[in-house]
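**Q** First, the structure itself, so that you have it in front of you.
The values are calculated or read from the model by the stated rules, or taken from the named source; none is laboratory data. All values reported here derive from a predicted model rather than from experimental measurement. Cβ coordinates were reconstructed from backbone atoms using ideal geometry, including for glycine residues, and neighbour counts include every protein chain displayed. These accessible areas exclude ligands, DNA and RNA; they are computed on the full protein's heavy atoms, side chains included. Shrake-Rupley method; radii C 1.70, N 1.55, O 1.52, S 1.80 Å.
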Amino acid sequence: MPSGYVSVAVPTPLRQTFQYRVPREQSVEIGWRVRVPFGNRRVVGIVTSLDAEPHIESKKIREIAEVLDPAVKVDESIFGLCRWAADYYCHPIGEVFATALPTLVRTGKEPRADLEALTLTDTGRQLDLDSLNRAPAQRRVIDLLSKRPLTREELAHEEVTRHVITSLYKKELVTWEPVTADEKPAAFKLTGVDHGGVTPTPAQAAAVSQISAGGAATTLLYGVTGSGKTEVYLRLIEDCLKAGKQAMVLVPEIGLTPQTISRFKARFDVEIAVLHSGMTDKERATDWMNVRNGEAGVIIGTRSAVFTPMRNPGLIIVDEEHDASFKQSEGFHYSARDLAVMRGSREKVPVVLGSATPSLESFHNAEVEKYHLVKLAERPAGVLPEKYRLVDTGQVPLEDGLSKPLTSAIQATLDKGQQVLVFINRRGFAPVLFCNTCGWIARCHRCDAKLTYHLGYSKLICHHCGSEERNHLVCQSCKSKDLAALGQGTQRIEQVLANTFRHHPILRIDRDSTRRKGSLDSILDTVATGEPAILVGTQLLAKGHHFPSVTLVAILDIDAGFYSADFRSIERTGQMVLQVGGRSGRAQFPGEVMIQTAFAGHPLLQALIREGYDVFAQSLMQERRDAHLPPYRFHALIRASSQDRDTARIFLEEVSAYNNSDRVELLGPVPALMEKRAGRFRQLLLFSSDSRSQLLHLLKEKVGIASALPRASKVRWSVDVDPYDLF
C-alpha cells in the first residue's frame with residue numbers, strides 16, 4: 001500500500017526531519033529526492049521514512065510539490081552511511097545528505113543532461129593529419145576525436161589545453177555538441193593492464209598477499225617514504241578490477257589527483273572517475289553517475305568522494321591517511337578516513353590506510369588489532385634512505401633566515417647538477433610588520449592574529465579570515481616610517497635565494513603561486529626536466545610529489561611545533577619532517593635533509609631522525625597514555641561563537657550545567673586558542689571520556705539541550721566529535 005505520509009530530511013541546521021503528505025496517485029520510496037515547500041521557499045530533500053500516520057494534526061501537513069527522478073536516488077548503502085554519520089557526529093541529517101550528494105543532484109537537476117563533448121566537424125573528419133605536422137598538439141587532438149567525442153573532463157584527463165581547443169575551433173575543425181548518457185549504461189570493462197616493466201619487490205608482493213588474505217578488513221599499510229606503497233595499491237586495484245569490482249582511492253589534496261590519475265591511466269585501460277571540488281558541477285555529477293552506474297572502474301577523489309555510491313564495491317584505499325585534510329574543519333565535522341573504514345565494514349569490502357607516517361590513532365588501532373598492520377620497511381634495492389643533519393640555530397647564526405652550512409650545501413648540490421627543495425610552512429613575505437620606533441605590530445582587526453606581508457600584492461593579509469589591507473608605509477600608531485618586515489615566509493626565502501643563487505631558477509610552490517589553474521602543473525613540468533633548480537614551498541611540496549632530481553631538502557622554521565599549546569603539534573611536526581625529507585634521494589642519488597632548528601637537542605626530534613618514526617611514535621603514544629589523551633581517551637567539542645565576548649560563553653555554561661555522568665568530564669567553557677576570529681569570539685566546551693559510548697550519550701543529551709535554549713538563536717554553534725584541533 002502506498003504511504004500517505006513521508007518524513008523528509010531537508011538541508012537545514014535543524015536536527016530533525018519534516019513530515020509531508022504524498023500526492024494522490026504517486027508513490028515514493030526511502031532515498032528518493034522530493035521537492036517540498038519549506039517556509040516560503042521550495043527545497044529538495046531526501047525521504048527518510050514512509051509513515052502510515054501523521055505525527056501532527058494532518059491539516060497542518062503540507063504536500064510534496066514534486067517527486068524527482070527515482071533513477072537518481074540515494075542508494076541504500078550511502079543512505080545507511082549518512083544516517084550513521086549524522087548520528088555519530090551529532091549533525092543534522094539534511095546537511096549530511098547535502099554533503100554526500102553532488103550539487104546538481106542535491107538541487108534536483110538532471111546530472112547528465114546536456115553534457116557537452118568536443119566533436120569533429122565534417123571539415124575535421126576529412127582533414128589530412130599530415131597538414132598538422134607543424135602543430136603536433138592539434139594533430140593529437142584530431143586523432144583522439146576521430147575515435148569518439150570527448151567531454152571537458154576527458155579532455156582534461158588527456159592533458160589537452162584550452163589554447164589547443166580554441167585553435168581548432170577557430171579553424172572550424174571541431175565543435176561542442178550536447179550528449180546524453182545512455183539510459184542503460186554498461187558496466188566497466190578492464191581491457192588491458194600495462195605494468196610498464198615494473199615488477200613488485202618481494203616486500204611489495206608480500207604486502208599485496210597479506211592484504212588480500214585479510215578479506216573484508218581494514219589494513220594499515222605502513223611504508224617508509226619511497227618504499228613503493230603506490231605499487232601495492234595498483235596491484236590490489238588490478239585484482240579488484242579483474243574480479244569485476246570497483247576501487248576507490250581517496251587522496252588528501254586536489255593537487256595530488258592529476259599525478260595519481262596519470263599513473264593510474266597508464267596502468268589500467270578502464271574508465272576512471274575523478275571527484276574533487278576543483279571540478280565543475282556538471283563534471284562532478286557526471287562522474288558521480290558513472291561510478292553509481294558501474295561505468296567507472298576506478299574512483300579517485302578527495303574527502304567528500306567517500307560518499308560516492310559504487311555499484312560493485314571491491315576496495316577502498318585512503319592514501320596519506322594521517323593527513324589533516326581528511327577531516328572537515330567547517331560545518332559537518334566528519335573524518336573521511338574514519339567514514340571510509342566504517343563504509344568498508346558496512347559494505348564488507350577491504351579498506352587500506354596507507355602512510356609513511358601513520359596517525360597515532362591508526363597505530364593504536366593496529367596495536368589493539370582493530371586494524372591489520374602491514375609494513376614496507378625498506379626502499380627498493382639501490383635506493384638509499386636520506387640522511388638527516390641538524391643545524392642548531394642557537395649555535396649557528398642566520399643571515400636572512402639561512403645558515404652558512406645550508407647555503408654551502410645548496411651551492412654544492414647545484415654544482416653537481418642536482419635540485420634542492422627548501423621547505424618553510426609559511427606563505428607570504430614576512431609574518432610580522434613591526435615599528436622599530438614604538439613597537440606597533442600590524443594586526444587583523446577581525447582576529448587575534450598578526451597580518452602577513454605579501455610582497456607581490458603589496459598587501460597585508462590575514463591567513464585566518466582573509467582580510468586584506470594595503471601595505472602601510474608609516475606606523476599606524478606613531479607615524480614613524482621606520483617599519484620592518486620581520487620573519488620569513490616563502491616569498492622572502494624565494495627573494496633571498498634568488499639574490500644568492502642568481503644563475504639558477506627559483507620555483508615557488510604555495511597557494512599564492514599555484515592559484516591559477518594549471519600553474520602547479522607548469523611548475524612541476526619545469527622540475528621534471530631535471531635541470532639544477534631550487535624549489536621553495538609550503539606543505540603542498542610534502543603531499544606525495546615525486547622529485548627524482550632533488551637530492552637536498554632544507555627544512556626551515558619547524559620550532560613552533562615544539563611549544564604549541566596543541567597536544568598534536570609534535571606529532572604533526574614529526575610527520576611533516578619525514579614527509580618533506582622523503583622527497584629527497586628517490587633516484588640513484590642518496591638524499592640529504594638539513595633541518596634548521598633551535599631544538600636540535602629535543603629528545604623526540606633526535607629519536608625521529610636517528611631511530612625512525614616507529615620509535616618517535618611509540619614515545620609520543622606513551623606520553624599520550626600517561627596524560628590520558630587521544631587515542632587512549634575520546635574527545636568531542638561543542639564550539640560556539642558570538643559577536644560579543646560573553647554570549648557564546650554564557651550559552652555553553654547553560655549547556656554544561658548538570659552533568660550527571662561520572663564517566664565523562666566536561667571542561668569549559670574556555671576561549672579557543674585564537675579567541676577572536678573573523679569578527680566573532682569563540683568558546684569551547686570539551687567532552688572527555690575513556691568510554692566512547694558514554695561520551696556520545698552525554699553529548700547527544702547536551703546537543704538536545706543546546707537546540708532548545710533561547711540563546712541558541714544568538715550564537716553559531718557546532719559539534720565536533722574526535723576533533724583534530726582545539727582551535
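**Q** Let me know the Kirkwood hydrodynamic radius for region 203-247, please, with Cα pairs as the basis and the value in Å to one decimal.
**A** For region 203-247, inverting the mean 1/r across all distinct Cα pairs yields 11.1 Å.
**Q** Let me ask another. May I ask you to order 715-726, 402-413 by the average number of other C-beta atoms within 10 Å around their residues, highest value first?
**A** So the peptides 715-726, 402-413, ranked by packing, come out 715-726, 402-413.
**Q** Hey, if we sort Tyr563, Tyr222 by accessible area with the 1.4 Å probe, largest down, what's the order?
**A** Listed by decreasing accessible area, they come as Tyr563, Tyr222.
**Q** Strictly over 29 Å apart at the Cα level, which of Lys282/Lys700; Lys73/Lys348; Lys375/Lys404 would you flag in this model? Can you show the working numbers first?
**A** On the way: Lys282/Lys700 37 Å; Lys73/Lys348 22 Å; Lys375/Lys404 39 Å.
Exceeds cut-off: Lys282/Lys700; Lys375/Lys404.
**Q** I would also like to ask the following. Quick one: order His454, His504 from most to least accessible surface, probe 1.4 Å.
**A** Ranked list, largest accessible area first: His504, His454.
**Q** If you don't mind, another one. Loop only by DSSP, 15 or fewer other Cβ within 10 Å of the Cβ. Give me the chymotrypsin sites (Phe, Trp or Tyr not before Pro) in region 383-485 that pass, ordered by residue number.
**A** Tyr457
**Q** Remind me, what semi-axes does region 200-313 give for its equivalent ellipsoid, largest first in whole Å, using sqrt of 5 times each Cα gyration tensor eigenvalue? Don't skip to the end; give the middle numbers.
**A** Values: eigenvalues 119, 52, 31 Å².
For region 200-313, the ellipsoid semi-axes come out as 24, 16, 13 Å.
**Q** Right, another one. Could you report the chain's accessible area per residue, 1.4 Å probe, as an integer in Å²? Before the final figure, lay out each step's value.
**A** Working: 33290 Å² over 727 residues.
Normalised by residue count, the accessible surface of the chain is 46 Å².
**Q** Please enumerate, by chain and number, the lysines with C-alpha under 16 Å from the C-alpha of Lys459, excluding those fewer than 8 residues away in the same chain.
**A** Correct list for Lys459: Lys450.
**Q** Just the C-alpha atoms of the chain: what Rg/Rh do they give, with Rh taken as the Kirkwood radius?
**A** 0.97
**Q** Shifting gears a bit: Over the alpha-carbon set of region 569-727, work out the extent along each principal axis and list the three values in angstrom, largest first.
**A** 66, 37, 28
**Q** Would you tally the net charge around Ala203, using a Cβ to Cβ cut-off of less than 14 Å, leaving Ala203 out, and scoring K and R as +1, D and E as -1?
**A** My count for the surroundings of Ala203 gives +2.
**Q** Would you mind telling me the share, in percent, of accessible area of the chain contributed by carbon and sulfur at probe 1.4 angstrom?
**A** 49
**Q** Could you quote the convex hull projected area for region 635-727, Cα atoms only and averaged over all directions, in nm²?
**A** Details: hull surface 21.6 nm².
Convex hull of Cα atoms, orientation-averaged projection: 5.4 nm².
**Q** Pop a pseudo-label 7 angstrom from the Cα along the beta-carbon direction at both Ile441 and Lys265 and give the gap in nm to one decimal.
**A** Computed distance between label sites Ile441 and Lys265 equals 4.8 nm.
**Q** For region 375-419, state what percent of all Cα-Cα pairs lands in each successive 5 Å bin, counting from 0 Å until the bin that includes the largest distance.
**A** Per 5 Å bin, starting at zero, the Cα-Cα P(r) for region 375-419 comes out as 5, 16, 17, 19, 15, 12, 10, 6, 0 percent.
**Q** Right, next: Could you put Lys481, Lys714 in order of accessible surface area, largest first, with the 1.4 Å probe and the full protein assembly present?
**A** Lys481, Lys714
**Q** What whole-number distance in Å separates the alpha-carbon centres of region 625-674 and region 350-386?
**A** 34
**Q** Follow-up. Give me the dipole magnitude in Debye, nearest 20, for the chain about the Cα centre, with unit charges on the beta carbon: positive for Lys and Arg, negative for Asp and Glu.
**A** I would put it at about 1300 debye.
**Q** In whole Å, what are the Cα extents of region 225-288 along the three principal axes, biggest one first?
**A** 34, 31, 17
**Q** Then there is this: For the chain, what is the calculated [θ] at 222 nm in deg cm²/dmol (nearest 500), taking -39500 (n - 2.57) for each run of four or more DSSP H residues and dividing by its residue count?
**A** It comes out at -9000 deg cm²/dmol, rounded to the nearest 500.
**Q** If you average the alpha carbon positions of region 463-493 and of region 321-338, how far apart do those two centres end up, in angstrom?
**A** Result: 33 Å between the Cα centres.
**Q** What range in the chain is the longest one free of GluC sites (Glu not before Pro) that are in a loop by DSSP and have at most 12 other Cβ atoms within 10 angstrom?
**A** Details: sites that count: Glu25, Glu29, Glu57, Glu158, Glu172, Glu183, Glu330, Glu369.
So the longest stretch without any such site is 370-727.
**Q** Quick check: net charge around Glu399, other residues with Cβ under 15 Å of its Cβ, Lys/Arg +1 and Asp/Glu -1?
**A** My count for the surroundings of Glu399 gives 0.
**Q** Calculate log10 I(q)/I(0) of region 53-130 for q = 0.11, 0.22 Å⁻¹, where I(q) comes from the Debye formula with a single equal point scatterer on each Cα and nothing for solvent.
**A** These q points yield log10 I(q)/I(0) values of -0.54, -1.12.
**Q** Using a 7 Å offset from the Cα along the Cα-to-Cβ direction at both Lys59 and Leu709, what is the distance between the two label points in nm, to one decimal?
**A** 3.9
**Q** For every other residue with a beta carbon closer than 15 angstrom to the beta carbon of Pro92, add +1 if it is Lys or Arg and -1 if Asp or Glu, then tell me the sum. List each step's numbers first, then the result.
**A** Values: positive: Arg15, Arg83, Arg106, Lys700, Arg716; negative: Asp87, Glu95, Glu330, Asp720.
Neighbourhood net charge equals +1.
**Q** Can you pull the accessible area of Thr199 for me, 1.4 Å probe, Å² to the nearest 10?
**A** 110
**Q** Something else now. Report the accessible area of Arg152, computed with a 1.4 Å probe over the heavy atoms of all protein chains in place, in Å² rounded to the nearest 10.
**A** Rounded to the nearest 10, the figure is 110 Å².
**Q** Could you tell me what percent of the DSSP beta bridges with both partners in region 246-397 are antiparallel, to the nearest 5?
**A** 5
**Q** A further question on this structure: Express in whole angstrom the spacing between the alpha-carbon centres of region 13-86 and region 189-252.
**A** If we compute the Cα centre of each part, the gap is 41 Å.
**Q** While we're here: For the chain, which cysteines have no second Cys with its Cβ under 4.7 Å from theirs?
**A** Cys82, Cys90, Cys240, Cys465
**Q** Tell me which lysines have Cα within less than 19 Å of Lys327's Cα, excluding those fewer than 8 residues away on the same chain?
**A** Result set, ordered by chain and number: Lys543.
**Q** Right, here's the next one. Rg/Rh for region 1-132 to two decimals, with Rh computed the Kirkwood way over all alpha-carbon pairs. Please list the in-between numbers first.
**A** Details: Rg = 20.3 Å, Rh = 16.7 Å.
Expressed as Rg/Rh, it is 1.22.
**Q** Another question, if that's okay. Quick check on region 1-157: of the DSSP beta bridges with both residues there, what percent are antiparallel, nearest 5%?
**A** 95
**Q** While we're on this one: Compute the orientation-averaged projected area for region 188-262 from the convex hull of its Cα atoms and round it to one decimal in nm².
**A** 6.0
**Q** Which whole-Hz ³J(HN,Hα) couplings does region 13-19 yield from phi under the Karplus relation 6.51 cos²θ - 1.76 cosθ + 1.60, θ = phi - 60°, glycine and proline marked x?
**A** For region 13-19, the Karplus-derived couplings read x, 6, 8, 6, 9, 10, 8 Hz, x marking Gly and Pro.
**Q** Among all the aspartates and glutamates, which ones have a C-alpha under 19 Å from Lys416's C-alpha, if same-chain residues fewer than 8 places away are not counted?
**A** Glu386, Glu531, Glu592
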